[in-house]
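Asker: Would you mind keeping the following structure in view while I ask a few things?
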Amino acid sequence: MSKLSAVCVAVVFMALGMWVLTGCDSAEGVDGVGVSPAAVTLGGSATNATTAVVFTAQVKDALALPLEWSVSSPALGIIISHSGSNATYKANAATGENIVTVRDQYGNEGSAVVTQE
C-alpha cells in the first residue's frame, strides 16, 4: 500500500470515528435537572413512623442515564431504591432539613428539599 493510500485510509477512519461520536448523547442545552416534587414536608406522626417519598428527575428532552441520587444528611433519611428517573427516599424518625440531589452522567444536577418536622 502506498503512503497516499495509507493516509487516505487513515483519514476515512478518523472521519468515521468523528461521525460516530457526534451521534452520542451530549449535555449541550441541558440546564440542570428538575426534581418533582421540589419540596416535601413530613410532620407529626408521619415522621415518627418511617415515611417514604418517591422523587422523579425531569429535563426537557431525555435524561442522560444513569442517574446518581444522594442526600445531604443520611441521619435524616436515605435513598432506599432508584430505577430510571425515580428514587425512593426513606425518612428516619428525626427532624430537620434534608436535600435530595440527582446528578446525570454529564454532571447536570437537580435537587429537592425534604423538611422533617
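The values are calculated or read from the model by the stated rules, or taken from the named source; none is laboratory data. As the structure is a computational prediction, the values presented were derived from the model and not from experiment. Using ideal geometry, Cβ is built from the backbone for each residue, glycine included, and neighbour counts are taken over all protein chains shown.
Asker: Considering only the range 102-117, I want to know if a residue exists there that is over 17 Å from ALA57 (Cα atoms), loosely packed, with under 14 Cβ neighbours inside 10 Å, in contact (Cβ under 8 Å) with a residue 60 or more places away in the chain and not hydroxyl-bearing (Ser, Thr, Tyr).
Answerer: The answer is yes; a qualifying residue exists.
Asker: Can you say whether SER81 is modelled with pLDDT of 95 or more, exposed (fewer than 14 other Cβ atoms within 10 Å of the Cβ) and among the polar types (S, T, N, Q), as far as the supplied structure shows? Explain how you work it out, then say what you get.
Answerer: Details: modelled with pLDDT of 95 or more: yes; exposed (fewer than 14 other Cβ atoms within 10 Å of the Cβ): yes; among the polar types (S, T, N, Q): yes.
For SER81, the condition - modelled with pLDDT of 95 or more, exposed (fewer than 14 other Cβ atoms within 10 Å of the Cβ) and among the polar types (S, T, N, Q) - is met.
Asker: If you check every pair at least six apart or on different chains, which have Cβ atoms under 7 Å apart with a residue in the range 61-88 that is within 20 Å of THR41 (Cβ to Cβ) and assigned to a strand (DSSP E or B) first and a residue that is of a type in the set (S, T, N, Q) and at pLDDT below 95 second?
Answerer: Between residues of the range 61-88 that are within 20 Å of THR41 (Cβ to Cβ) and assigned to a strand (DSSP E or B) and residues that are of a type in the set (S, T, N, Q) and at pLDDT below 95, the close pairs are GLY77/ASN92.
Asker: Before we move on, is PRO66 farther than 23 Å from GLU117 by Cβ and at pLDDT 55 or above?
Answerer: Values: farther than 23 Å from GLU117 by Cβ: yes; at pLDDT 55 or above: yes.
So PRO66 passes the test.
Asker: Another question, then. Which condition breaks for VAL113 when tested against (1) in contact with a Phe, Trp or Tyr (Cβ under 7 Å, 6 or more places away or on another chain); (2) among the hydrophobic types (A, V, I, L, M, F, W, C); (3) closer than 15 Å to GLY34 by Cβ?
Answerer: Checking VAL113 against (1) in contact with a Phe, Trp or Tyr (Cβ under 7 Å, 6 or more places away or on another chain); (2) among the hydrophobic types (A, V, I, L, M, F, W, C); (3) closer than 15 Å to GLY34 by Cβ, the one that fails is (1).
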